[in-house]
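What follows is a set of notes on a single structure, which appears directly below.
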Amino acid sequence: MNNPIPARMRGLNRAEICDQNFIEFVRDWRGGVQPAASTDAAVLPGSMLRAGDFDELFRSQLISRHLDLMARVLRVQNKVFYTIGSSGHEGNAMVARAARHTDPAFLHYRSGGFMAERFRKLPGMDPIMDSALSFAASKDDPASGGRHKVWGSKPLWVLPQTSTIASHLPKALGTAIAIEQAKRIGHDLPIPRDSITICSFGDASSNHATAQTAFNAAAWTAYQQLPAPVLYVCEDNGIGISVKTPRDWITANFQHRRDLDYFYADGLDLANGWGDVVRAVEHCRTTRRPTFLHLRTTRIMGHAGTDFEIEWRSLEELVAVEATDPLLKSADIALRSGLYTADSLLELYESTRRRCFEAAEDADRRPRLTSLADVMAPLAPFSPAEVAAEASRSDYADRRATVFGGEDKLPERQGPKHLAIQINQALHDLMAKYPESLLFGEDVAQKGGVYTVTKGLFKAFTGKRVFNTLLDETMILGLAQGYANMGMLPIPEIQYLAYFHNACDQIRGEAASLQFFSNGQYRNPMVMRVASLGYQRGFGGHFHNDNSITALRDIPGLVVACPSRGDDAAMMLRTLMAMAKVDGRVCAFLEPIALYMTKDLHAAGDGGWLTAYPAPDQAIPFGEGRVYAPEDGGSGDDLVVFTFGNAVPMCLRAQRAWKEKLGWGVRVIDLRWLQPLNERFIAEQAKSAKRILVVDEGRRSAGVGEGIITAIVEAGYGATPLSRVVGADTFTPLAGAAFLVLPGDEEIIAAGLRMAQ
């Protein structure tokens, strides 16, 4: 800086200064006082805000501010573990008051005012104590159970968010679309039919690719004349941590954006901003169109408690920003309106401070999470008996017969078929079973998918339940979360595994984390189908032959399943849908593209990889693998092969070759479930093995094999001779070169022969 700040000035606590600014402003106020307004009269002449409404909004602002101040003080005492505050954004309380508590809200972290005001919608709730429990990471925190400081409430329909910038915008739009979709399919909503969704974010976040994809999809939806009642609230404070937003950038970027209806409101002035906020909310509710509310805010006290702005902003700039504190404006309104005197206002200010500190001290005495079991309890719920019963439930015979065109055309009465057809039959079956299910993605409707796996579903279930989306994986998964929020069972399709990486955070940061961060109160049930893996005979290169399974296996709570044959696929899909229905699980179903149309196993024309369709009451239990014993019926202990997906038929061909060349009885294990791995099953199969081979088409440094080997070693069988055949650490090239980087029949057979030596 040109003018170095004196040391004594650098040490000043800006939170304390903002606190003192308010007190001094009230004490020194000398404005004119009008006769005290009745609660039903305008708080100031010309304002649309009634005095009674102002009083409650102002009290919500004070609660938000004192929670921030309390957090800054108690952080250094290790009684509070979060200091990203809402100071300067307290005007968002107006959005909460103008909306309903049944309007699902997806909020960013500066939403203290909104939350304090929404708590007024239901009697008997205490925003101060609930917030204090969250700040203190208490096990009694009603939002997350002490797992994270989040704004959330099940009765108030505030779905807790992670701190990932802008990642909540797609699912907010998805929820708005789901509200309208439910009407079209006759699904009972858990909220009123004219509800809207509310989604808040900062001006800097509006630049994020995830935000832009949500705005684009919202405008596209409106352009198509499809209702999507989402209210996007951009809280514009002019800065993102330390990077300033160009002056008027939000206005320039959004005011004239087609099919995203723009409103502006002054969030620093309750009396002036209220009417504009109400207009935006009512416009969204009545028109059912995507609406953009540009709410002017400011940011005082820095980004968080650890942000010492004096180190990088001039003192003059800080003072100017602090002069825009919305609480100073609200205090002026309170005094000018005659609702408060200076003394009564300061008493309210200090009594609110006392309530916040008392709640914080109480919260500090409450229990915290002290065991790993407690921490993980809501992450991956599993009810085996209930899931098994649901997976095998077959009480929809009439709907099945209608969908398949009669009893004689039921798939189990047809001959053996390949994988793609059996997945297609299973999807018809499941959509008949679950009227609340929806299938959507790129090209899945009239075309029937790139590989015809969804052929006929559009005709059977119409565009109300089977439909194409934008070419945007982020929005596909945002839609899935929205439908799940409204009690439906989404089946989104990601066209290729490589495309999933574009939208990974919608599963990693959002869908799979919701049960964890809401302590099991909210969930995102879905079965995400992904055309996956390699061996497409060199077609398409990397983006159509992606073997990066680790990107999925690294997501806490996610179920990853991978069939290799048609009957398994149908029975696994039933279990996955049951897990979503019963336990709210987020599931990924990896469909090996190269096996979609595979008919033969050992020789052309043998039909060895065709399977009969399993009756609807048959399902594969979660975690259960398939064991291929030697063809002669032996134990197969000479060599046990662990594998999955594309490698299963390869290993079965190797099984026959090893018998011919070595006389070995070989057992091939198709794991089928890749995350979480069934370590007990792996150990049981490894126990009697004389040798172990792991065949993994994933990459050498990051596949499934490491987990298999770890399970074997930790079970005490690490001394058994062990080898693996695995993909190379490279992207997949075109044409025949693809087979240089992926395991093949000869390489697998050779690995067994080396073990014999």
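The values are calculated or read from the model by the stated rules, or taken from the named source; none is laboratory data. Note that the structure is predicted; figures quoted are calculated from it, not measured. We place every Cβ from the backbone using ideal geometry, glycine too, and count neighbours over all the protein chains shown.
The listed residues are Q536, Q506, Q515, and the only one of them that is surrounded by fewer than 20 Cβ atoms within 10 Å (Cβ to Cβ) and not assigned by TED's automatic domain parsing to the domain that holds G152 turns out to be Q536. Given the condition crowded, with 24+ Cβ neighbours inside 10 Å, over 18 Å from Y522 (Cα atoms) and within 25 Å of the chain's Cα centre (by Cα), answer yes or no: does some residue in the stretch 137-147 qualify? No; the residues of the stretch 137-147 include none that is crowded, with 24+ Cβ neighbours inside 10 Å, over 18 Å from Y522 (Cα atoms) and within 25 Å of the chain's Cα centre (by Cα). When the stretch 678-699 is filtered for residues that are part of a helix (DSSP H, G or I), over 18 Å from C651 (Cα atoms) and over 31 Å from the mean Cα position of the chain (by Cα), the ones remaining, listed by number, are A683, E684.
Among the residues of the stretch 269-292, which ones are in contact with a Leu (Cβ under 7 Å, 6 or more places away or on another chain), farther than 16 Å from D55 by Cα and not β-branched (V, I, T)? Listed by number, the residues that qualify are A280, C284, P290, F292.
For A359, indicate whether it is surrounded by 14 or more Cβ atoms within 10 Å (Cβ to Cβ) and in contact with a helix residue (DSSP H, G or I) (Cβ under 7 Å, 6 or more places away or on another chain). Walk me through how you get there before you give the answer.
On the way: surrounded by 14 or more Cβ atoms within 10 Å (Cβ to Cβ): yes; in contact with a helix residue (DSSP H, G or I) (Cβ under 7 Å, 6 or more places away or on another chain): yes.
Criteria met by A359.
Here the condition is being surrounded by fewer than 24 Cβ atoms within 10 Å (Cβ to Cβ), closer than 22 Å to T643 by Cβ, among the hydrophobic types (A, V, I, L, M, F, W, C) and in contact with a strand residue (DSSP E or B) (Cβ under 6 Å, 6 or more places away or on another chain); of L558, L595, it holds for L558 alone. Criterion first (touching a Ser or Thr at 6+ places or on another chain (Cβ under 6 Å), modelled with pLDDT under 95 and among the small types (G, A, S)) does G238 satisfy it? Spelling it out, G238 is indeed touching a Ser or Thr at 6+ places or on another chain (Cβ under 6 Å), modelled with pLDDT under 95 and among the small types (G, A, S).
Listed conditions (1) within 22 Å of T306 (Cα to Cα); (2) among the hydroxyl-bearing types (S, T, Y); (3) in contact with a helix residue (DSSP H, G or I) (Cβ under 8 Å, 6 or more places away or on another chain) are all met by S60, apart from (1). The residues of the stretch 125-146 that are in contact with a helix residue (DSSP H, G or I) (Cβ under 6 Å, 6 or more places away or on another chain) and in a loop (DSSP other than H, G, I, E, B), listed by number, are M125, A136, D140, D141, P142, A143, S144.
Filtered by the rule that a residue be touching a residue at least 24 places away in the same chain (Cβ under 8 Å) and in a helix (DSSP H, G or I), the stretch 460-479 gives A460, F461, K464, R465, E473, T474, M475, I476, L477, G478, L479. Would you mind stating whether K154 is within 22 Å of the chain's Cα centre (by Cα) and over 19 Å from D362 (Cα atoms)? Answer is yes for this residue. Could we say that I669 is at pLDDT 95 or above, under 36 Å from the mean Cα position of the chain (by Cα) and crowded, with 20+ Cβ neighbours inside 10 Å here? Yes. Checked against the criterion of being part of a helix (DSSP H, G or I), touching a residue at least 24 places away in the same chain (Cβ under 8 Å), buried (at least 16 other Cβ atoms within 10 Å of the Cβ) and over 34 Å from the mean Cα position of the chain (by Cα), the stretch 724-737 has no qualifying residue. Among the residues of the stretch 454-464, just one is surrounded by fewer than 22 Cβ atoms within 10 Å (Cβ to Cβ) and either touching a strand residue (DSSP E or B) at 6+ places or on another chain (Cβ under 6 Å) or closer than 13 Å to N216 by Cα (or both), namely F458.
In the stretch 46-63, the residues that are over 20 Å from S86 (Cβ atoms) and in the same structural domain as A334 (by TED's automatic domain parsing) form Cβ pairs under 9 Å with partners that are charged (D, E, K, R) and part of a loop (DSSP other than H, G, I, E, B), at six or more places apart or across chains, as follows: R50/D40; A51/D40; G52/D40.
Between A280, A334, the distinction of being over 26 Å from L67 (Cα atoms), small (G, A, S) and crowded, with 20+ Cβ neighbours inside 10 Å belongs to A280 only. Yes or no: W220 over 21 Å from A512 (Cα atoms) and modelled with pLDDT of 95 or more? Yes, satisfied.
Considering only the stretch 480-503, state which residues are in a strand (DSSP E or B) and either hydrophobic (A, V, I, L, M, F, W, C) or not assigned by TED's automatic domain parsing to the domain that holds L573 (or both).
Across the stretch 480-503, the qualifying residues are L489, I491, I494.
In the stretch 169-176, the count of residues that are out of contact with any helix residue (DSSP H, G or I) (no Cβ under 9 Å at 6 or more places or on another chain) and either part of a loop (DSSP other than H, G, I, E, B) or in the same structural domain as D261 (by TED's automatic domain parsing) (or both) is zero.
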